[in-house]
Every structure is written in structure tokens, then in C-alpha cells.
Amino acid sequence: MGWEGVAEAYRRSFATLCAGTVETLLEATGPSPDHLDIGCGTGDLAVTAARRGRRVTAVDPDPDMVTLARGAAARAGVEVEVRESGLPGLSLTPSSAGAVTANFVLNHVPDPRAAMRALARIAAPSARLAMTIWPAAPGPHLAAYGDAARAAGARPVTSTRLAPELDFERAPEGLASLAGEAGLRVMRAEELHWTWRISVEGLLAGIRGGVAGPGRIHQAQTAKVRSEIEELAQALWAPYESAPGLLAFPITAVLVVADRP
Ligand SMILES: C[S@@+](CC[C@H](N)C(=O)[O-])C[C@H]1O[C@@H](n2cnc3c(N)ncnc32)[C@H](O)[C@@H]1O
């Protein structure tokens, strides 16, 4: 939902945030020689897995993400088969993947239960699956943007919240229940914490480029309101400045690791 035309802005900004979990997901999926990365975005996790010697297939429904992921693999000199495909209708052989990752993807699909069932179907028996989402409370980079937008009187945009019957609790327990309902055996359900370092310009590039909630809000405003929000947001980000023009945000994500019995 909402990833059309934002791939390059995502690469410059929030891709570096999502990359914070790559090591954890690779370690959590065990020693499988083959790896399927769902919703691969610009390809950070897929390329890292390939560099570690895994045979990697990566899928993403957005054609620009597919192009960027292919480019990242080519530049890294590794082979990754990148296909244009998405949950829940993956065009892949059922029960075929020895390790499956979905890094910040299940929080972007219109039917998370159907998506989780598709992940379970594609996993081979005993395969490990590692999935992340964002928790319900927004990180400080987003909270500050929201406060800035409200203070600037930003025009509201249509909510992307799912209907209650489709939604799930954005917490370790909620993601774990989803995995359990899909027939997976949950091995870990926890929060991850790290520091995200990004330049002010990089973060603004993502927001101006329309990435995620702040990006959608930003693009719906007049130039005057956009510039007011940017000024206010930068003031609210200032306590996180670690060096001139560089921000360091404490980040929390939700991780579930499961296997297919
Ligand atoms: C926040 S990005 C995460 C990208 C990548 N996993 C990473 O860690 O950088 C979400 C990604 O999910 C993809 N996506 C959106 N809907 C999807 C679906 N139904 N199935 C698979 N991927 C989807 C988007 O195109 C986007 O690349």
C-alpha cells in the first residue's frame, strides 16, 4: 500500500532505518543455504544474505523497488533473483523456501492474516521465518513530524489504518498470534532496539519524496505549509542531533521468529 513512485526516496532515507534489523533476521533464520526475502525493497537484506553465500530469491510488488534491488545486487557482485511479486499471491512454489524474511512488510499489507498464511505456505517444513513490524507507538522521528504537522495546521490525509477486523495488535504478542493462527510455531517474540543514524537531509528527502505516513502528509500540503512543517520538525529533531546535520534516534521494532512444523 502506498509504495508507488517512492523507491528512490526510500533508498535515501527509511531503507537505512529498516536495515537496522538485517543482522538479527539473518542470524534468526539459521543456516539454510537458500533464502527468500519478501518485500525486499531496495535489497539490503537480500544482498547481505547473498554475500554470506545464501542462494537468494527476493520479491517485491513495486517495480521500482525491484529495479533498485537488482542494481544493488549487481553493484555488490552477488546473484539475487529478484521478482516482481507480493503477498498474498506469491508466484512461487509452495513449501519451497528454507528461510523466509519479511522485514517491515506485514505492517504494509491490506490483509495481514492472509499475508501471514501465504508466508507459512511458501516455507518448507522446518523452515525458519523471521518477521518485523513497527510497534503501535511511533518512533521519535515520526512523533516529531506528527507534532510539527499539527502545529503547522496541516491538512489531514485519508487514514491507512486497517478495519478492526483485519488489523492486529502491533506488538510482539500481536504478531506472534498472527503467526500462530497461520500454523507457525513461534520461537521468539520480542522488541528490538537500536540507534538509527541519518542526516537531516536524508530524512527530509524521504519525507519530501512521499515515503510512509509523513511522506503522504507532506505531499498533500501547500508549499508554505510544507516549509513550516520542515522548520518545526527540524527544531523537534534537534535534541537527537549527534553532530551538525546528523541525527541519532532510538528505535524500537517488533520481531517474531517462527518455524513451520
Ligand atoms: C518498509 S519497506 C521494507 C523494505 C525492505 N524489506 C527493507 O527492509 O528495506 C516495505 C516494502 O514492502 C513492499 N510491499 C508492499 N506491499 C507488499 C506486499 N503485499 N507483499 C510484499 N511486499 C510488499 C513495498 O513495496 C516495500 O518495498
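The values are calculated or read from the model by the stated rules, or taken from the named source; none is laboratory data. In this text the structure is predicted, and so the values were computed from the model without any measurement. Neighbour counts are summed over all protein chains in view; Cβ atoms, including those assigned to glycine, are modelled from backbone coordinates with ideal geometry.
Here are the numbers:
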{"quantity": "Options S32, S13; residue that is touching a Gly at 6+ places or on another chain (Cβ under 6 Å), within 13 Å of A130 (Cβ to Cβ) and of a type in the set (G, A, S)", "calculated": "S32"}
{"quantity": "Boolean, L36 is in contact with a Ser or Thr (Cβ under 7 Å, 6 or more places away or on another chain), closer than 21 Å to P88 by Cα and either more than 11 Å from the ligand (Cβ to nearest atom) or hydroxyl-bearing (S, T, Y) (or both)", "calculated": "yes"}
{"quantity": "Residue match in the stretch 63-84 (condition: in contact (Cβ under 8 Å) with a residue 40 or more places away in the chain and under 21 Å from D259 (Cβ atoms))", "calculated": "no"}
{"quantity": "Test result for A238, closer than 15 Å to M116 by Cα and either without any contact (Cβ under 8 Å) to a residue 12 or more places away in the chain or of a type in the set (A, V, I, L, M) (or both)", "calculated": "no"}
{"quantity": "Output for the stretch 106-125, where each listed residue is touching a Pro at 6+ places or on another chain (Cβ under 8 Å) and more than 11 Å from the ligand (Cβ to nearest atom)", "calculated": "R117, R121, I122, P125"}
{"quantity": "Residues of the stretch 123-165 satisfying the condition of being over 23 Å from V211 (Cα atoms) and out of contact with any helix residue (DSSP H, G or I) (no Cβ under 7 Å at 6 or more places or on another chain)", "calculated": "A123, A124, P125, S126, A127, P164, E165"}
{"quantity": "Unmet requirement for E169, which otherwise passes all of (1) closer than 23 Å to A28 by Cβ; (2) part of a loop (DSSP other than H, G, I, E, B); (3) out of contact with any helix residue (DSSP H, G or I) (no Cβ under 8 Å at 6 or more places or on another chain)", "calculated": "(3)"}
{"quantity": "Some residue of the stretch 53-66 being part of a strand (DSSP E or B), within 12 Å of the ligand (Cβ to nearest atom) and farther than 30 Å from P164 by Cβ", "calculated": "yes"}
{"quantity": "Which numbered condition T160 misses (of (1) under 30 Å from I217 (Cα atoms); (2) modelled with pLDDT of 95 or more)", "calculated": "(2)"}
{"quantity": "Tally of residues being at pLDDT 95 or above, among the hydrophobic types (A, V, I, L, M, F, W, C) and within 11 Å of the ligand (Cβ to nearest atom) across the stretch 1-26", "calculated": "9"}
{"quantity": "Filter result for the condition that a residue is within 25 Å of R161 (Cα to Cα) and assigned to a helix (DSSP H, G or I), over T21, T42", "calculated": "T21"}
{"quantity": "Answer residue from the stretch 27-41, given it is surrounded by fewer than 22 Cβ atoms within 10 Å (Cβ to Cβ) and in contact with a strand residue (DSSP E or B) (Cβ under 8 Å, 6 or more places away or on another chain) and is modelled with the highest pLDDT among those", "calculated": "A28"}
{"quantity": "Residue within the stretch 134-156 that is in contact (Cβ under 8 Å) with a residue 60 or more places away in the chain, assigned to a strand (DSSP E or B) and within 16 Å of the ligand (Cβ to nearest atom) present", "calculated": "no"}
{"quantity": "Matching option when the condition is without any contact (Cβ under 8 Å) to a residue 60 or more places away in the chain, outside any helix (DSSP H, G or I), among the polar types (S, T, N, Q) and surrounded by fewer than 17 Cβ atoms within 10 Å (Cβ to Cβ), among S126, S91", "calculated": "S91"}
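Here is a yes/no grid of residues against (1) more than 14 Å from A123 (Cα to Cα); (2) among the acidic types (D, E); (3) under 21 Å from the mean Cα position of the chain (by Cα):
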{"site": "A49", "(1), (2), (3)": "yes, no, yes"}
{"site": "G77", "(1), (2), (3)": "yes, no, no"}
{"site": "G86", "(1), (2), (3)": "yes, no, yes"}
{"site": "A99", "(1), (2), (3)": "no, no, yes"}
